[in-house]
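Asker: The structure follows.
No lab work stands behind these numbers, since they all come straight from the coordinates. A quick note: this is a predicted structure, and the numbers were derived from the prediction, not measured. Every residue, glycine as well, gets a Cβ built from its backbone with ideal geometry; the counts of neighbours run over all protein chains shown.
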Amino acid sequence: MPGGLARVANEAAADVVSTQRGGGAKDIWVLSDNPHEETLTSIQSGKWANLQRQDYIPSRLVENLFWLGRYTVRCENTARLLLRTLAARADARVWAHSRQICRDLGAVSATTEIFDALRARDSQGLQADVRHLAWCASQVRNRLSARYWRGVVGLQRQMQEAVATRGSSREVYERVLLSLAALTGFSEEDMMHDEGWRVMRLGRRIERMQFVAGIMMRQLESTHATRPETVEWLLDVCDSTPIYRARYLGTPRLSQMLNLLLYDDGHPMALAFHRRSIDRDLEDLARSLGGERERGVPDVPLLPQGSAELLDGAGDESDAAREDLAAELAALAARTGDLSDRLSRRYFALIDSDAHALAT
């Protein structure tokens with residue numbers, strides 16, 4: 001043994017070691033004849049690896065990492081959605097459509113105007129999501145780099161200054177998006193890519209998948225679904241306009257936008273990309289933890305051949321095709337939420353109810 005701890009009595013003849021009678025504790029070191037040679041031999045033989053402290057990740061920390069990933073992406077989604085909506089206020093054809101989607105997706109409450117969303121202190125919206133992000137980050141601070149933590153503090157300061165001043169909301173959203181992009185970069189470059197990091201990335205992918213499925217569903221349900229202006233607005237929200245323009249010519253079309261955001265597994269905003277990433281992370285997580293892989297990753301809905309003309313067209317048949325696809329996307333978002341719940345029950349079940357992250 002390398003050492004130990006012994007209870008020591010105050011008197012040598014004492015039968016009972018008691019701190020009330022002056023007893024205490026002493027460190028014990030077991031010495032060898034040549035300790036330097038022993039240590040050197042262990043290192044040379046590779047035994048030093050057995051002396052390393054195992055990196056135990058408790059369920060509370062894993063849950064907060066998961067929700068840190070989700071809230072980071074949720075803040076990105078909300079900030080980008082509000083930014084592109086404010087940019088579209090000069091176009092009456094897009095303004096009402098985009099405002100309604102903001103409310104449907106929870107970017108603002110039903111009683112809050114888009115112009116006041118940044119400074120609203122509702123239980124939902126960007127302000128609330130940033131508070132939740134900061135709380136989760138504070139619970140896993142020992143896992144974050146100094147740069148990451150400074151980024152979180154800077155993000156909080158930006159939101160506080162935005163509330164105190166009456167500056168341009170669009171400029172604030174732009175700065176917030178840059179800060180959130182920096183946090184994503186720090187998580188990739190500064191964090192250990194272990195089980196906790198994989199769970200955090202799973203949270204990011206699940207949140208993004210739900211958002212993209214949700215906004216496409218709302219687009220398909222709208223009476224303005226096929227208008228080029230609203231299609232272009234959605235591409236802007238999903239940061240997909242440059243990719244779309246490089247691939248397609250002419251005015252934006254609903255069917256082409258759906259093809260890009262549904263099936264392009266090389267596009268970081270596409271559902272196929274996130275589906276593949278979630279599948280890979282679940283496989284790696286099961287392999288590293290030695291358990292059975294979590295199943296039930298939702299599949300991306302497949303469009304029937306020749307459906308492009310239907311989705312872009314007008315009339316009862318086209319309306320029915322768009323409604324069917326919207327229903328499939330709603331089911332995909334629901335199954336993604338079910339996957340999140342199953343992961344919570346499997347990996348976070350050891351946490352007391354009062355210690356849970358602010359998960360909504």
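Asker: Using Cβ contacts closer than 10 Å as the measure, can you line up 66, 115, 348 from fewest to most?
Answerer: Taking fewest neighbouring Cβ atoms as first place, the list is 115, 348, 66.
Asker: Find, among the GluC sites (Glu not before Pro) in region 268-317, those assigned to loop by DSSP (not H, G, I, E, B) with at most 12 other beta-carbon atoms within 10 angstrom.
Answerer: 292
Asker: Within 10 Å of each residue's Cβ, count the other Cβ atoms and sort 193, 132, 224 from fewest upward.
Answerer: 193, 224, 132
Asker: Counting other C-beta atoms within 10 Å, which of 277, 187 has the fewest, and how do the rest follow?
Answerer: Values: 277 18, 187 23.
Neighbour counts put them in this order, fewest first: 277, 187.
Asker: Tell me which trypsin sites (Lys or Arg not before Pro) from region 111-191 have a DSSP coil assignment and no more than 11 other beta carbons within 10 Å of their own.
Answerer: Hits after loop and neighbour filter: 121, 166.
Asker: Only Lys, Arg, Asp and Glu count, each charged at its Cβ (+1, +1, -1, -1), so figure out the dipole size of region 164-322 about its Cα centre, rounded to 20 debye. Mind dumping the intermediate values first?
Answerer: On the way: 20 positive and 27 negative charges, 46 e Å.
So the dipole magnitude of region 164-322 works out to roughly 220 debye.
Asker: Would region 297-340 count as rounded, prolate or oblate if I go by the C-alpha gyration tensor, calling it rounded below 1.5 in a/c and otherwise prolate when a/b exceeds b/c, oblate otherwise?
Answerer: Here region 297-340 falls in the prolate category.
Asker: How many angstrom separate the Cα center of region 128-182 from the Cα center of region 208-231?
Answerer: So the two Cα centres are separated by 28 Å.
Asker: Could you tell me whether region 61-355 comes out rounded, prolate or oblate from its Cα gyration tensor? Rule is a ≥ b ≥ c as square roots of the eigenvalues, rounded for a/c under 1.5, then prolate if a/b exceeds b/c, otherwise oblate.
Answerer: Since a/c reaches 1.5 but b/c is at least a/b, the shape of region 61-355 is classed as oblate.
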